[in-house]
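Encoded as structure tokens, the structure appears first; notes follow it.
The values are calculated or read from the model by the stated rules, or taken from the named source; none is laboratory data. Keep in mind the model is a prediction, meaning the values are calculated, not measured. Here Cβ is always computed from backbone atoms with ideal geometry, including for glycine, and neighbour counts include all displayed protein chains. Note: areas computed on protein heavy atoms with side chains; ligands, DNA, RNA excluded. Shrake-Rupley method; radii C 1.70, N 1.55, O 1.52, S 1.80 Å.
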Amino acid sequence: MANNAPNPQIPLILTRPLTRARTFYDGLPAEMQARLLPVFSPLVDIVPRDVAVPIGSKDAAIFTSQSAVAAGPDGAGRVAYCVGPATTRAAEARGWQAQQVGHDANSLVAGLISHPPAARLVHVSGAHTRGDVAVRLGRAGLTVDHIVVYDQVLRPLKPAACEAITRESRVIVPLFSPRTAIQFAKTAPRATSICVAALSPTVAEAAAPIALGGLRIASAPNASALCDAIRGLL
């Protein structure tokens with residue numbers, strides 16, 4: 001049964017790992033939170049691997065996600081090149097001398113190629129990553145290794161999220177990656193209630209088959225721009 005109360009809250013289905021989903025929701029402006037009802041349904045579980053990560057004191061790490069920072073080693077003052085402000089802040093909190101180099105994998109690769117570090121680089125990532133960072137940097141002549149420190153295990157949409165989709169006239173789903181967009185499209189019921197806020201055009205392309213109620217693409221691949229995309233769907 002749909003929510004027919006005056007000015008009902010719109011379900012906001014959050015599919016990121018739970019801690020990051022809560023952080024994203026908590027970062028939304030208060031006036032948006034007042035209009036949204038968070039429904040947490042992680043589509044990916046982060047499962048750390050028990051692996052050694054050999055990064056010498058004169059080497060530098062590359063982090064393209066906060067999950068990689070969390071699953072990797074402490075920085076101990078070593079240098080890290082990071083994608084985006086959130087990953088950079090996470091690396092700083094773990095003791096890395098973190099520098100933001102771009103907002104996505106492509107801009108990070110371009111930045112490191114244009115100003116190549118002399119140090120050996122180690123891309124610390126999950127099993128599923130985008131941009132072929134280590135391969136492209138290696139082809140450009142940089143010394144770089146790639147170490148996988150966690151797996152991303154796909155999960156189906158939770159019943160509460162499915163019920164919201166079929167019950168409500170509108171739900172908003174922020175999606176951050178093509179892989180989770182594809183998983184959402186596979187496991188969500190098809191309904192005209194689904195409005196998608198996509199982090200990038202690539203994510204939007206993956207989500208298009210299921211975004212039957214509307215689709216907004218963030219103007220930049222960051223949380224602030226995605227917040228604006230969500231606001232456009234309210």
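Given a Förster distance of 25 angstrom, what is the FRET efficiency for H103 paired with R155, based on the Cβ-Cβ distance and rounded to 0.05?
0.35
Considering the convex hull of the alpha carbon atoms of the stretch 154-228, report its projected area averaged over all viewing directions, in nm², one decimal.
4.5
Nearest-5 percent of antiparallel DSSP beta bridges in the stretch 144-234?
Around 0 percent antiparallel, to the nearest 5.
Amide H neighbours of I10 under 5 Å, counting only residues 5+ apart in sequence or on other chains, H built in-plane at 1.01 Å?
For I10, the qualifying residues are L36, L37.
Using amide H atoms built in the peptide plane, which far-off residues or other-chain residues are under 5 Å from Q97 H to H?
So Q97 has HN proximity to G77, R78, V79, A80.
Using the heavy atoms of the protein chains and a 1.4 angstrom probe, tell me the accessible area per residue for the chain in square angstrom.
47
Percent of alpha carbon pairs in the stretch 1-109 separated by more than 22 Å?
Cα-Cα pairs in the stretch 1-109 separated by more than 22 Å: 47 percent.
For the stretch 65-79, what does the Karplus curve 6.51 cos²θ - 1.76 cosθ + 1.60, with θ = phi - 60°, yield as ³J(HN,Hα) per residue in whole Hz, taken in order and with x for Gly and Pro?
Values, residue by residue: 7, 5, 4, 5, 4, 5, 8, x, x, 5, x, 6, x, 6, 7 Hz.
Going by a ≥ b ≥ c, the root eigenvalues of the Cα gyration tensor, does the stretch 20-67 fall in the rounded group (a/c under 1.5), the prolate group (a/b larger than b/c) or the oblate group?
Oblate is the answer for the stretch 20-67, as a/c is 1.5 or above yet b/c matches or exceeds a/b.
Counting only protein heavy atoms, what percent of the accessible surface of the chain is carbon or sulfur at a 1.4 Å probe?
That fraction is 52 percent.
Compute the FRET efficiency between I113 and S219 as 1/(1 + (r/R0)^6), taking r as their Cβ-Cβ distance and R0 = 30 Å, and round to the nearest 0.05.
So the FRET efficiency works out to roughly 0.75.
Count the net charge of all other residues whose Cβ sits under 14 Å from the Cβ of G75, scoring Lys and Arg as +1 and Asp and Glu as -1.
+1
In percent, what relative contact order does the stretch 143-217 have, based on Cα pairs under 8 Å that are 6 or more apart in sequence? If you can, show how the numbers build up before the last one.
Details: 114 pairs, mean separation 21.6, N = 75.
Across the stretch 143-217, relative contact order equals 29 percent.
Evaluated at 20 °C with a viscosity of 1.002 mPa s, what Stokes-Einstein diffusion coefficient in µm²/s does the chain have when Rh comes from the Kirkwood expression over alpha-carbon pairs?
Using the Kirkwood radius from Cα pairs, D works out to 115 µm²/s.
Quick check on the stretch 104-234: what are the equivalent-ellipsoid semi-axes from the Cα gyration tensor, as sqrt(5λ), descending, whole Å?
That gives 35, 17, 10 Å for the three semi-axes.
Which whole-Hz couplings ³J(HN,Hα) result when phi for each residue of the stretch 147-161 is put into the Karplus expression 6.51 cos²θ - 1.76 cosθ + 1.60, θ = phi - 60°, listed in order with x for Gly and Pro?
Values per residue, Gly and Pro as x: 10, 8, 10, 7, 9, 10, 8, 6, 10, x, 5, 6, x, 4, 5 Hz.
As a test of the formula, what do you get for the chain when each DSSP H run with n ≥ 4 contributes -39,500 (n - 2.57) and the sum is divided by the residue count, at 222 nm and rounded to the nearest 500 deg cm²/dmol? Walk me through the numbers on the way to the answer.
Details: 10 runs with 81 residues, N = 234.
Result for the chain: -9500 deg cm²/dmol, rounded to the nearest 500.
Below 8 Å, C-alpha to C-alpha, sequence gap of six or more: please give me the relative contact order for the stretch 1-144 in percent.
It rounds to 18 percent for the stretch 1-144.
5 Å is the cut-off here: which amide hydrogens, built 1.01 Å from N in the peptide plane, fall below it relative to V171, excluding neighbours closer than 5 in sequence?
Excluding prolines and chain starts, which carry no amide H, the hits are I194, C195.
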